[in-house]
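These notes concern the structure reproduced below.
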Amino acid sequence: MLCFIKELSIKNNNILILDFVDQWLKLAKYNIASIDILKEFSLKHIIAFYELIEEQVANSTIHNIDDKFKIPLMQQMKDSINKVVSYNSQNQQLIPAKVLALALKRFIYRFLLVNSNIENQNLNTYILDFTLDLWASDIKQELIEKLFPTCLLVSHAYNAYTFIVNEI
């Protein structure tokens, strides 16, 4: 249900839950106006709650991906990551490390826990696809498109994630 709500609310996540439910249940016999708790919350709250749950589940499950997605990073790849990542959030011209780590975690959780044969594809194919909702909403798409390393494959996603987390 949360995925459904997230997909439907992308253009208007400020709609009140009461109004959203009312739109979908116009023919229902229930009078949802009497449910007071819904008056204060909008869809963005449900989406944020879903993303919080997803992140917590991902923390405990992403380490269980197939070994084909855990190919070690070469030093050149680590250097490429370090050139474009800001670990102290001071440099606005670089990708914040925590934001990149979260995007990689979401990618691993959403795509690599299922057995797929994408390990030899470029990671930027997925990371730069902003329709996948991997990135925090406040990150600038142009920054990611400009800076994300092109040398990484999907098979490097896990070790890129752990490398960044360890550097933070």
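Worth a mention:
- Qualifying helices (runs of 4 or more DSSP H) (wholly inside segment 78-168; at least 1 residues being farther than 18 Å from N59 by Cβ): 124-127, 141-147
- Only listed residue being assigned by TED's automatic domain parsing to the domain that holds Y158, among the small types (G, A, S) and touching a Lys or Arg at 6+ places or on another chain (Cβ under 8 Å), chosen from S89, S137, S116: S89
- Top-ranked residue of segment 136-167 - restricted to ones that are at pLDDT below 90 and either in contact with a Ser or Thr (Cβ under 9 Å, 6 or more places away or on another chain) or surrounded by 12 or more Cβ atoms within 10 Å (Cβ to Cβ) (or both), ranked as farthest from F69 (Cα to Cα): I139
- Only listed residue being in contact (Cβ under 8 Å) with a residue 12 or more places away in the chain and of a type in the set (S, T, Y), chosen from S137, S116, S155: S155
The values are calculated or read from the model by the stated rules, or taken from the named source; none is laboratory data. Keep in mind that this is a model prediction, so the values were computed, not measured. Glycine gets a Cβ as well: all are built from the backbone with ideal geometry, and neighbour counts include every protein chain shown.
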